[in-house]
Amino acid sequence: MYSMPLVVSAPIDPSTNGTATESQDGLTTDQARRLSEQFGPNAMPDTSSHPARMAIEKLWAPVPWMLEGAIVLQLGLREYVEASIIAVLLLFNAALGFFQEGRAQATLAALKSRLALSASIRRDGIWKNYPAAELVPGDLVKLSLGGVVAADVRLVEGNVLLDQSMLTGESIATEAGPGFQTYAGALVRRGEAVARVTATGIRTKFGRTAELVRDAHVVSSQQKAVLGVVRNLALFNGSLIVILVAYALAHAMPAKEIIPLILTAILASIPVALPATFTLASALGARALARQGVLPTRLSAIDEAATIDVLCADKTGTLTRNQLTVTAVHPMPGFDESHVLMMAALASSDGGQDPVDAAIRSAAVSKVASNTIKLLHFVPFDPATKMSEATVVDPILGTMRIMKGAFAAIGVLAAPSPTAPQTANELESKGFRVLAVAAGPPATMQIVGLIALSDPAREDAAALVKELQTLGVRTVMVTGDAPATAIIVAHAVGLDGALCPPGPISDDVPPENFAVFAGVLPEDKYKLVKAFQRAGHTVGMCGDGANDAPALRQAQIGIAVSTATDVAKSAAGVVLTDPGLAGIVAAVKEGRITFQRIFTYALNSITKKIVQVLFLGIGLIMTGHAILTPMLMVLVMITGDFLGMSLTTDNVQPSPLPNRWRIGNLTVAGIFMGISELAFCAAVLAIGHFRMGLAIATLQTLAFFTLVCGNQATTYAVRARRRIWASPHPSRWVALSSVTDLLIALVLAGCGWLMMPLPVWLLTSVLVGAIAFAFALDLVKASVFSRLKIT
């Protein structure tokens, strides 16, 4: 099954086409049919998955298994409300994944919409319009003004001005004549030509771009973090549960006590709210970014923004304005800038699609000449002569001829200038496009000046590069433009590193070696991003065109600027909605804030899950009974998750350098914090059991309240990477959740609802002890966090 026409390149086998492809009458209908059977239609195959299958796949993965297991346990305990809440979280996460996978299909659809739907083809000696999908290698096609090239072609006659920026990223349109190879998706800005098709369908360059978009995939750091945390908890707590069961069986505990013990231990070990909290924190970060003109289209991009250490930035339209501009005017002796621009404007088309003429007319508006010249006749730019000209009447000098075009073409028609050749060479060596302007009576034409054009850097590009450098993010320019032009722009924006030599890009090229990669095509950008990722870097890609789409999809965070095409925006994870590049820095800073919130919750969750299972084991050994019932464990989970999820709104201090998910270090820190809290909880339980002689039912209430208070203590110790008193104050929601959590536990334990009551003095003592424990833990944990590089 095939969808709308699309394109990417491969050579034609001459043996297939024979001499018929060289005929000026084009192919015959029979030849076209045979070639269509061999090469297939000029379209991209539809490989999209059925929506039902995509939806089922979102429910069949490690994280969904974890949530589905929790639902089964809750239903087994007849906790229907809790099971419903977890089911909603499961469906919410699945819906997000379904939406993100659909974005890849949206990108492909946007790519296809940029292609020609029909083409003028010469078959059996007759020109006729056919659907673009019927094109085959060897066909003769006509390229006309405003049309889109429908396949990879080589011009055989005529001259056209081609805009290939969608594929190559070059901001300046290219003059094309016989023998010139161009690609599907190119736009004809001027002229008319006949071309022969060299590649169709998935074998064209545009088709290869679409294939790369479809194949581009990178597992987000956040997803790896969730899976890593779940895996480590499963291994650690799973081993503890097996030991618990073995101990209970060895001591001949009755089955009616063993089964609740197992259910309680399993509930204690599952971080039910972990995926949902990661999503909530990212959603809050996305909301904050939206207020700053940054629109995240993939929530995981918020977390990725915190970890990127390399930003690959496209030149045209990203670091530059993608608008050809007059950069410098060099008048010859006896003339000034205003006269040079005025004469050049008279020899430029008014209202056409030629970007050079538009740039000159725009520059001439701001510089008014002292006299008025009347235009008599205008000859548009001719690719054969490489110039345009005008006949004008000057009030003083009379009838004059004005010529504007390439210096080599104008120089042979005008009187020799002693300084013009050197000036032109200097400007061209700096990457500028140089035009010469000559004027005077037809017999005595002289060069009046030179005009240098370029696509200038954005005003805020240099500041962006500098600020990203202070944030520990290295910026690398990746462009399809020529090296000379790329180097000029690179220096203008503060990228002073080396230029990568031309040729194939190595699979292990380090970003530290080069600051500029020039002359690269979409597959090169995609390959470069993958090479940086293989080297262990988290890569951001900033671009604006369809040629950037594969790299935008492959990068951990793809960033499309406000002027980007619909293809680039659908491929990116972040879209800048305001002009300029300030949104990139905002995304990095907000991403690091979000990362700190997620990291705090993850560490807090690991700590709780470890201490809860260990506490069950210590309690079993100490009392010979389960010191927490399934109901009490559910209450601990609800109150704990209520406080934990509020950490997604916490006031945090973002790190000055890129963050990293070090799951091993995170787990070690969680084990340390969990064992520390276990010491506090076990001490309180020992006092209640051995010194106070409390009954098992009362001990269970004490264990519940102690666990709630201990969780509060570790939460405040965890959110401060160094000292509690030196960290930002808790957010309003954190403080409110903390108070609510404690009040719920105090009321339930004090009034004896759902458990045996405890006296107020004992509850107060445990609370005061938890506060003292928090400050004692804070003194020890700072050095542990420092060694584990937790900042």
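The values are calculated or read from the model by the stated rules, or taken from the named source; none is laboratory data. Fair warning: this is a prediction, and the values are worked out from it, not measured in the lab. Here Cβ is always computed from backbone atoms with ideal geometry, including for glycine, and neighbour counts include all displayed protein chains. All accessible areas refer to the heavy atoms of the entire protein, side chains included, with ligands and DNA or RNA removed. Shrake-Rupley method; radii C 1.70, N 1.55, O 1.52, S 1.80 Å.
Per residue, the chain reaches -16000 deg cm²/dmol at 222 nm when only DSSP H runs of four or more residues are counted, each adding -39500 (n - 2.57). Specify whether the C-alpha gyration tensor of region 144-278 places it in the rounded, prolate or oblate class, a ≥ b ≥ c being the square roots of the eigenvalues: rounded for a/c under 1.5, otherwise prolate if a/b is larger than b/c and oblate if not. It is prolate, given that a/c is not under 1.5 and a/b is the larger ratio. Between 0 and 90 degrees, the angle of helix 205-215 with respect to the longest Cα principal axis of the chain falls at about 0 degrees. Of all lysines in the structure, the ones whose alpha carbon falls short of 17 Å from that of K142, not counting any fewer than 8 places away in one chain, are K128. Computed across the chain, the Kirkwood radius stands at 30.7 Å (inverse of mean 1/r, all Cα pairs). The accessible surface of the chain, taken with every protein chain in place and a 1.4 Å probe, is 63 percent carbon and sulfur. Rolling a 1.4 Å probe over the heavy atoms of the protein chains gives the chain an accessible area of 40 Å² per residue.
Sorted largest first by accessible area at a 1.4 angstrom probe radius, with every protein chain in place, the residues W65, W753, W60, W127 fall in the order W60, W753, W65, W127.
Packing, as the average of other Cβ atoms within 10 Å across residues, places the peptides 539-548, 696-705, 156-165 in the order 539-548, 696-705, 156-165, highest first.
When only alpha carbons are used to place a centre, region 274-317 and region 341-401 end up 48 Å from one another. With the largest listed first and rounded to whole Å, the semi-axes of the equivalent ellipsoid of region 574-685 from the Cα gyration tensor are 39, 15, 9.
Rounded if a/c is under 1.5, else prolate if a/b beats b/c, else oblate: with a ≥ b ≥ c from the C-alpha gyration tensor eigenvalues square-rooted, which is region 507-564? Verdict is prolate for region 507-564. Taking the three principal axes of the alpha carbon atoms in region 402-488, the coordinate ranges are 62, 21, 21 Å, sorted in descending order. As a size descriptor, the averaged projected area of the C-alpha convex hull of region 634-791 was calculated at 9.6 nm².
When the pairs K466/K525; K256/K608; K205/K525; K205/K527 are compared against a 18 Å limit on Cα-Cα distance, K466/K525; K256/K608 fall above it. Scoring 194-205, 574-585, 777-788 by mean Cβ neighbours within 10 Å over their residues and listing the highest first yields 194-205, 574-585, 777-788.
Could you tell me whether region 206-338 comes out rounded, prolate or oblate from its Cα gyration tensor? Rule is a ≥ b ≥ c as square roots of the eigenvalues, rounded for a/c under 1.5, then prolate if a/b exceeds b/c, otherwise oblate. The shape class here is prolate. Phi angles of region 554-571 translate, via the Karplus equation with coefficients 6.51, -1.76, 1.60 and θ = phi - 60°, into HN-Hα couplings of 6, 5, 4, 9, x, 10, 9, 6, 5, 8, 5, 6, 4, 5, 5, 5, 6, 7 Hz per residue; Gly and Pro are given as x. If you fit an axis through the alpha-carbon atoms of helix 337-346 and take the longest principal axis of the Cα set of the chain, what angle between them do you get, 0 to 90°, nearest 10? Compared with the principal axis, the helix lies near 80 degrees. For region 720-762, a Kirkwood hydrodynamic radius built from all Cα pairs, placed in the Stokes-Einstein relation at 25 °C and 0.890 mPa s, yields a translational diffusion coefficient of 198 µm²/s.
Taking every Cα-Cα distance in region 276-341 and sorting them into 5 Å bins from zero, the calculated P(r) comes out as 3, 12, 13, 12, 12, 9, 7, 6, 5, 6, 6, 4, 2, 1, 0 percent. Peptides 258-266, 238-246, 444-452 ranked from most to least packed, by the mean per-residue count of other Cβ atoms within 10 Å: 444-452, 258-266, 238-246.
May I ask you to list the chymotrypsin sites (Phe, Trp or Tyr not before Pro) in region 640-702 that are in a DSSP loop and have at most 14 other Cβ atoms within 10 Å of their Cβ? Listed in order of number, the matching sites amount to none. Against the main long axis of the alpha-carbon atoms of the chain, helix 522-534 sits at an angle near 30°.
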